[in-house]
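What follows is one structure encoded as structure tokens, with my remarks underneath.
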Amino acid sequence: MLTGFSFLKRISFKKRLLIYSLLFSVIPVIVLGTLSAYITSNSIQNEVNRNHQITLKQIEYQVDSFLKSLDYASIQIAGDLIIEKSIKLGISMDDLETLETTLNMLETIKKYRSYPDIIYNVSLVYNKYDMVYSNLFGLSDIKDFPFYQELDSINPSHIGSVVIPPNTYPNQTDLLLLRNIPAYSSSANGILVLQVDAKKLYDFFRSVNLGDKSKVIVVDNEGRIVMSSDAHEVGVRLLPNSDLFRFWEKPESFLESYTLNNSQYNLSSQKSSFNNWTYITMTPTKELIRKSENIRCITWVMVFSLIGLWSLLSIIGSRRLYFPIHRMTLRLPKSLKTKDGLQALDSYMNEVVETNEQLKAQIDKQLPYLKENVLLHLLRGEITEDEFINDKMHCDLRLKGNWFYICVFEVDRLVAFKQSYLGRDRSLIVYALSKMIEEICEDSFPCATVSPQLGQVALIIGTEQNDEKIALHISQLCDLIRKKINEYFHFTITVAVSSTQKYYGSINEGYQEALDLLDFRLLIGNDITITPQNVENPDSMKQSCRIVVKWQKLIVRSIAEGKIDQAEDQFIKMTEAVPQSVFNSKPVMGLFTHLIGEIDSLFEEMGYELSEFYHYNIYAKLYSTSSIQEVKEWFCESFFPSIKQHLENKNQSTKRAVIQQVLTYIGDNYETDLSLQQVSDQFGLSTYQLSRMFKEETDSNFVDYLIKYRISKAKEWLVHSDMPIKEITERLCYTTTQNFSRIFKQTTGITPGKYRSEVRHGDKAH
């Protein structure tokens with residue numbers, strides 16, 4: 001062995017160094033190549049599984065994000081008050097309120113469809129009216145709705161959403177999401193249906209690169225294929241006795257390969273935590289073996305290549321210089337890795353710049369909505385101060401300062417405002433109002449405006465100082481804005497200015513204070529500027545409400561006695577006493593609501609329903625008023641006259657029916673000892689009530705009518721029978737014959753005997 005290596009001593013050091021260099025470079029490369037090929041071939045399946053898990057995780061993330069966005073959109077739409085109101089009232093062109101609600105519903109659906117990146121169609125199912133409105137199909141009968149069969153898949157008490165994959169039902173090619181309306185309610189008045197074109201899902205699955213023959217399927221928690229790169233598989237249920245079903249049910253216990261069309265497949269899976277859907281990859285076993293052989297061959301090619309490249313120091317040097325660029329290209333998308341490094345980097349940078357420009361354009365387009373959303377969260381106290389400062393920079397809000405005033409501008413006659421401006425016109429008016437307020441204010445203070453609700457604009461003013469001069473300036477500024485609004489618009493505005501609030505976090509408290517101040521319109525009138533100083537005068541108001549309660553009792557008593565005009569006069573006096581008897585405005589509506597409740601209870605005791613007197617909700621009408629004067633006008637012009645008219649109609653009908661029964665009773669019992677008290681007790685009336693009603697209906701009092709009725713019977717018996725006068729006296733309950741004869745003569749002018757004789761002789765003469 002020593003002899004074999006002795007020749008190395010006879011060669012030069014340069015060749016020896018070369019031989020040693022080659023030996024120390026080639027032998028490790030060969031050993032490492034052999035080990036690498038062996039390890040690679042054994043671990044290829046694990047590597048593929050890991051890659052597939054990463055890919056599945058990416059697919060799961062994208063699909064879950066898609067479904068979450070769709071579900072969030074459904075919650076917003078189903079929980080929108082306009083949508084709920086439209087579902088309750090239905091769709092009609094005849095009723096003004098319903099028409100207005102319908103137009104608002106159309107505008108709301110258009111607004112929601114313009115927000116998300118997901119393109120979907122919206123359908124509203126009106127369960128109460130068996131109608132469906134769809135932005136795609138228009139208004140139709142529920143049985144003509146293309147997805148009528150799918151509606152049975154959602155339970156009325158279900159409070160979540162239901163996702164129906166494509167092809168689940170016949171002729172259903174799109175993905176559907178169903179949710180009850182109202183959202184999170186156990187009683188469903190309607191159903192929201194979001195319809196998404198499934199073609200994008202198919203395109204997405206086709207774009208996933210898992211190999212030439214590999215594919216991905218998504219199985220829901222009921223064993224149905226909901227997504228697949230093969231559109232024909234979507235909607236198909238896995239057979240319970242199939243291997244794929246067993247793998248989907250228990251992936252950890254499925255160790256063998258899966259056979260499909262005489263081909264073997266290796267399966268990998270990933271379960272979503274969002275909706276329990278299972279993402280499954282299917283890779284041909286032959287493909288895995290082929291990859292192992294390819295990698296082994298490639299490894300040996302690399303070994304021999306490295307042996308050749310070892311002697312090419314210049315090439316190695318150039319590769320080392322190129323190494324930083326090579327590392328950067330490794331992070332590029334797969335579609336760019338096939339290009340030259342510098343060219344790939346250039347293409348990638350161009351794509352980044354183009355994407356940034358598109359994102360900037362989208363952000364600029366959505367910026368007004370973002371501003372409005374941030375300000376609404378601030379007013380409602382749904383955002384922290386740090387979050388608002390961060391969002392303020394992104395939304396370009398110029399609101400700044402350490403102290404803030406919140407001014408709430410609200411239309412005085414909201415009902416008239418709604419009737420004057422419909423649909424888009426109403427939104428434009430509110431927008432013009434906001435811009436006018438902001439333009440007038442921004443010359444003096446940094447400010448921002450937002451419309452929290454219909455007919456209301458909130459102005460947030462920021463200042464660096466807190467003193468009375470600034471408060472006076474802001475009050476004068478609000479007066480100027482009200483004056484301008486009166487000049488340019490056909491309605492009046494009342495402004496409530498809060499006290500100063502420190503830092504952004506207390507703006508919500510200022511907004512609530514301003515809303516409370518607006519309630520004082522009921523006491524001090526409309527078209528004014530209300531500040532805390534306007535209402536902080538407790539000496540001018542009494543805390544006792546005893547006088548108001550006294551008037552309420554008098555009004556109810558007058559109505560009970562049928563004196564509606566007197567009740568109206570007492571109500572007017574009560575409204576005059578309210579501002580001096582109530583400490584603040586909050587209980588004012590409660591007083592009028594309590595009065596209506598007392599009247600309602602009174603009519604319930606009388607056997608009537610107050611709601612029968614009106615074709616509208618009287619409580620909603622009451623709360624739509626904005627001042628005591630409006631309340632008084634409504635009560636005097638509508639509320640009391642309606643009660644008076646209905647009571648007169650009902651009393652007249654009831655009185656006529658009662659008197660008819662009394663007359664029948666007299667006809668059946670005239671031979672008994674009848675009296676007004678006896679008949680009153682029989683019909684549950686007082687003698688006064690029966691006597692008054694009897695007089696009004698018969699134009700005769702009870703006693704006179706009874707006498708005339710008995711005398712008519714006596715005439716009949718005298719003429720048509722031989723009944724003695726004494727017997728007639730007894731049958732008609734007269735005490736003596738003389739008494740009967742006297743009353744008969746007073747009534748007819750002659751005695752009973754003479755009447756019988758004259759009538760009978762007269763008949764004979766004829």
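Just so you know, all these numbers are worked out from the coordinates, no wet-lab data involved. None of these values were measured; they are calculated from a predicted model. Here the Cβ is made from the backbone with ideal geometry for all residues, glycine too, and neighbour counts use every protein chain on show.
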Legend entry - Set of aspartates and glutamates with alpha-carbon distance to Lys128 below 20 Å, sequence-local pairs under 8 removed: Asp80, Glu84, Asp94, Asp95, Glu97, Glu100, Asp141, Asp144, Glu150, Asp152
Inset, instruction - Name the residue farthest towards the positive end of the dipole of region 635-720 from the options His646, Gln682, Ile659, assuming +1 on Cβ of Lys and Arg, -1 on Cβ of Asp and Glu, about the Cα centre. - result: His646
Legend entry - Sorted by Cβ neighbour density within 10 Å, fewest at the top, the residues Met302, Met723, Met574, Met93: Met93, Met723, Met302, Met574
Legend entry - Entries in Lys435/Lys483; Lys418/Lys483; Lys143/Lys418 that, when Cα-Cα distance is taken, lie over 27 Å: Lys143/Lys418
Legend entry - Under 18 Å from the Cα of Lys502 - aspartates and glutamates, other chains or at least 8 residues apart: Glu382, Glu385, Asp386, Glu387, Glu464, Asp467, Glu468, Glu513
Legend entry - Kirkwood-type radius of region 398-536, with distances r between different C-alpha atoms, in Å: 15.0 Å
Legend entry - Cα-centred dipole magnitude for region 398-536, charges only on beta-carbon of K, R (+1) and D, E (-1), debye, nearest 20: 460 debye
Legend entry - Net dipole in debye of region 654-765 [+1 Lys, Arg Cβ; -1 Asp, Glu Cβ; about Cα centre; nearest 20]: 360 debye
Legend entry - Alpha carbon convex hull of region 654-765, projected area averaged over orientations, nm²: 7.5 nm²
Legend entry - In region 654-765, lysine pairs with alpha-carbon atoms under 28 angstrom apart (chain gap of 8 or more, or interchain): 25
Inset, instruction - Report the extension gain between His646 and Ile596 in nm, rounded to one decimal, defined as 0.36 nm multiplied by the number of residues separating them, less their alpha carbon distance. - result: 16.4 nm
Inset, instruction - Return the whole-Å distance between the Cα centroid of region 384-407 and the Cα centroid of region 653-725. - result: 85 Å
Inset, instruction - Work out the charge dipole of region 654-765 with +1 on the Cβ of Lys and Arg and -1 on the Cβ of Asp and Glu about the Cα centre, then indicate which of Tyr670, Ile711, Thr747 is farthest towards its positive end. - result: Thr747
Legend entry - Order of Leu595, Leu177 - criterion: other Cβ atoms within 10 Å of each residue's Cβ, fewest first: Leu177, Leu595
Legend entry - region 51-286 - Rg over Rh from alpha carbon coordinates, Kirkwood radius: 1.05
Inset, instruction - Starting with the fewest neighbours, write out Tyr488, Tyr112, Tyr133 ranked by other beta-carbon atoms found within 10 Å of each beta-carbon. - result: Tyr488, Tyr112, Tyr133
Inset, instruction - Grab the other residues whose beta carbon is less than 12 angstrom from that of Tyr431, score K and R as +1, D and E as -1, and report the net. - result: 0
Legend entry - Under Karplus coefficients 6.51, -1.76 and 1.60, residue-wise ³J(HN,Hα) of region 429-438 in Hz, glycine/proline x: 5, 5, 5, 4, 4, 4, 5, 4, 4, 5
Inset, instruction - Give the long-range amide H neighbours of Asn189: residues separated by 5 or more places, or on another chain, with amide H under 5 Å away, using H modelled in the peptide plane at 1.01 Å from N. - result: Ile181
Legend entry - region 51-286, dipole about Cα centre (Lys/Arg Cβ +1, Asp/Glu Cβ -1), debye to the nearest 20: 660 debye
